[in-house]
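Written below as structure tokens is the structure these notes are about.
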Amino acid sequence: MDLFEYQGKQYFARFGIPTSLGGVASSVEEALRVAGEVGYPAVVKAQVKVGGRGKAGGVKIVSDADELREQADAILGMDIKGHVVELLWVEHASSIAEEYYASFTLDRAAKLHLCMVSSKGGVEIEQVAEEDPDSIARLHVDPVDGLRLEDAVDVVSRAGLDRGVASEAADFLLKLYRCYVEGDAELVEVNPLILTGDGHLHALDAKVTLDDSAAFRHPEWEALDAGRSTDHREAMARERNLNYVGLSGATGIIANGAGLAMSTVDLVSQVGGSAANFLDVGGGADADVMVAALEVINSDEQVRSILVNIFGGIVRCDEVARGILEAMRRVELRCPITIRLDGTNAVEARGILADHLSEKLMAEPTMLGAARRAVEVAGASA
Ligand code: GDP
Ligand code: MN
């Protein structure tokens, strides 16, 4: 999960990494209030999850309330590389003597953490890497050993940062490393890391990517995620731990395994229909999972037909069949459901379903047949 700059800065602050005083604003009035609190000159910054906001006109320094009003108004609603600005971060402006760069990320090939430091910050690091690769000092960090102070001092020196801030820079890296490791991030990037007019280091920008695999031990991350998706179906699916992506068609899909779910989406299009969603129920297709899946699909008003496509490998089809029947007792479906079950215990499963078949519950032996039937139903009830 990528964080917005303001969230990244709040994350940094938890690890003692210095950032400017600021606040978020979603309107010109709020921006005025925040700027009044942090003091002028202030910087108004578009909060979108793409880089290069400065170049795109999404970062402006303002010296008074009139300028702030004008710039906040211009930036709100601006489209930056396809991202519409709905939120601003307003902070007290810093005086910049130098712009540096610092980051930690995982070097998968080396199976080590990689620290990069450069005295040429402020521009995109890819550009620096191309034009002046020697200006980027690299340091591999073994996760078992952690970042040692002497190595931090060495990388800072190799990067050619101002000697006067060498020890402050090493300390900054140690804090950034803690944020990266203890904060379970995949990437922490500070560009620019500035040397201020009065000789201190300070994170002027923050790019943080959290490691989604660690989300289970960070219940507090859910708040960061708020508003990521305004799709109520996706929010519902997330609450139920389902692997769901909302689409815009009329045929709701439930399949087990991402590959099968994707093929089912394709197959529905191929026979002239359109999928309402991608939903992979994974290995466990028991009644609880089926209830959760059917609830989400049932809440989608576009859905006019449901297609369940399960291949029994480890999961047994007879269990799935019982799960579906139980789920149908618990969820009152708005539209018919077509089921294709194949693989382990498919014959038993068909036997179980046989007594319950109706216009509301249909079974088809093949994937293609089931997709055709489901799409036909979706069309017919339109
Ligand atoms: P990005 O373009 O999306 O990476 O956004 P940044 O947050 O990195 O800001 C872009 C540039 O705006 C920085 O490299 C700075 O040159 C400039 N900038 C941002 N904040 C300040 C500030 O407080 N004072 C000054 N003087 N310049 C700033
Ligand atoms: Mn930046």
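The values are calculated or read from the model by the stated rules, or taken from the named source; none is laboratory data. Just so we're clear, the structure is a prediction, and the values are computed from it rather than from any experiment. No Cβ is skipped: glycine too gets one built from the backbone with ideal geometry, and neighbour counts run over all protein chains shown. Only protein heavy atoms, including side chains, enter the accessible area calculation; ligands, DNA and RNA are left aside. Shrake-Rupley method; radii C 1.70, N 1.55, O 1.52, S 1.80 Å.
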*Run the dipole for segment 21-92 about the Cα centre, Lys and Arg Cβ at +1, Asp and Glu Cβ at -1, nothing else charged, and hand back the magnitude in debye, nearest 20.*
440 debye
_Charge dipole (the chain, unit charges on Cβ, about Cα centre) - positive-most of 113, 136, 307_ = 307
_Choice from 155, 315, 188 with maximal GNM fluctuation in the chain (Cα, 10 Å cutoff)_ = 315
*asked:* With +1 assigned to the C-beta of every Lys and Arg and -1 to the C-beta of every Asp and Glu, and no other charges, what is the dipole magnitude of the chain about the Cα centre in debye, to the nearest 20?
replied: 1100 debye
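For segment 146-222, what is the accessible area per residue in Å², given a 1.4 Å probe and the full set of protein chains? Walk me through the numbers on the way to the answer.
On the way: 3600 Å² over 77 residues.
Result: 47 Å² of accessible area for each residue.
Return the percentage of antiparallel bridges among DSSP beta bridges fully within the chain, rounded to the nearest 5 %. Write out the running numbers ahead of the final one.
Values: 48 of 66 bridges.
Counting only bridges with both partners in the chain, antiparallel ones make up about 75 percent.
Just check segment 60-129 against the gyration tensor rule for me: Cα atoms, a ≥ b ≥ c as the square roots of the eigenvalues, rounded for a/c under 1.5, and otherwise prolate or oblate depending on whether a/b exceeds b/c.
Here segment 60-129 falls in the prolate category.
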*asked:* Using Cα-Cα distances under 8 Å and only pairs 6 or more residues apart, what relative contact order does segment 232-380 have, in percent?
replied: 25 percent
*Taking amide H positions as placed in the peptide plane 1.01 Å from N, state which residues far from residue 141 in sequence (5 or more) or on other chains have amide H under 5 Å from it.*
113, 114, 115
*For segment 295-366 and segment 129-204, compute the distance between their C-alpha centroids and round to whole Å.*
55 Å
*Of all the Cα-Cα pairs you can form in segment 21-92, what percent are over 19 Å apart?*
21 percent
_Cα→Cβ-extended label distance, 7 Å offset, between residue 65 and residue 225, nm_ = 4.1 nm
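Tell me, in nm to one decimal, what length is gained between residue 26 and residue 55 on full extension, where the rule is 0.36 nm per residue of separation less the Cα-Cα distance? Don't skip to the answer; put the middle values down first.
Numbers: separation 29, 0.36 × 29 = 10.44 nm, distance 2.15 nm.
Extending this stretch completely gives an extra 8.3 nm.
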*Answer with one residue from 90, 257, 12: the one whose Cα lies farthest towards the positive end of the charge dipole of the chain, charges on Cβ with Lys, Arg +1 and Asp, Glu -1.*
257
*Counting pairs of alpha carbon atoms under 8 Å apart in space and at least six apart in sequence, what relative contact order in percent does the chain give?*
12 percent
*Quick one: grab Rg to one decimal and Dmax as a whole number for segment 232-380, Cα atoms only, in Å.*
13.3, 37
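For 356, 113, write out the residues from largest to smallest accessible area, computed with a 1.4 angstrom probe and no ligands counted. Present the calculation step by step, with values, prior to reporting the outcome.
Numbers: 356 85, 113 30 Å².
Listed by decreasing accessible area, they come as 356, 113.
Please sort 9-15, 92-98 by packing, taking for each peptide the average over its residues of neighbouring beta carbons within 10 angstrom, highest first.
Details: 9-15: 17.4, 92-98: 15.6.
Listed from highest to lowest mean packing, they are 9-15, 92-98.
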_Students often get this wrong: which residues of segment 195-219 have the backbone nitrogen under 19 Å from the point 7 angstrom along Cα-to-C-beta of residue 149?_
201
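Show me the trypsin sites (Lys or Arg not before Pro) within segment 82-129 that DSSP assigns to loop and that have at most 12 other Cβ atoms within 10 Å of their Cβ.
Values: sites: 108, 111, 120; in loops: 108, 111, 120.
When the trypsin sites (Lys or Arg not before Pro) of segment 82-129 are filtered for loop state and at most 12 Cβ neighbours within 10 Å, 108, 111 remain.
For the chain, report the translational diffusion coefficient in µm²/s to the nearest whole number, using Stokes-Einstein at 4 °C, 1.567 mPa s, and a Kirkwood Rh over Cα pairs. Please list the in-between numbers first.
Details: Rh = 24.1 Å.
This corresponds to a translational diffusion coefficient of 54 µm²/s.
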*Which of 177, 200, 190 sits farthest toward the positive end of the charge dipole of segment 169-211, with +1 on the Cβ of Lys and Arg and -1 on the Cβ of Asp and Glu?*
200
*Mean separation of Cα pairs under 8 Å and 6+ residues apart, divided by the residue count of segment 280-360: what relative contact order is that in percent?*
37 percent
_Dipole magnitude (debye, nearest 20) for segment 240-381, charges at Cβ of Lys, Arg, Asp, Glu_ = 160 debye
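Which net charge results when you count Lys and Arg as +1 and Asp and Glu as -1 among the other residues whose beta-carbon is under 12 Å from that of residue 81?
Values: positive: 49, 53, 55; negative: 79.
So the environment of residue 81 carries a net charge of +2.
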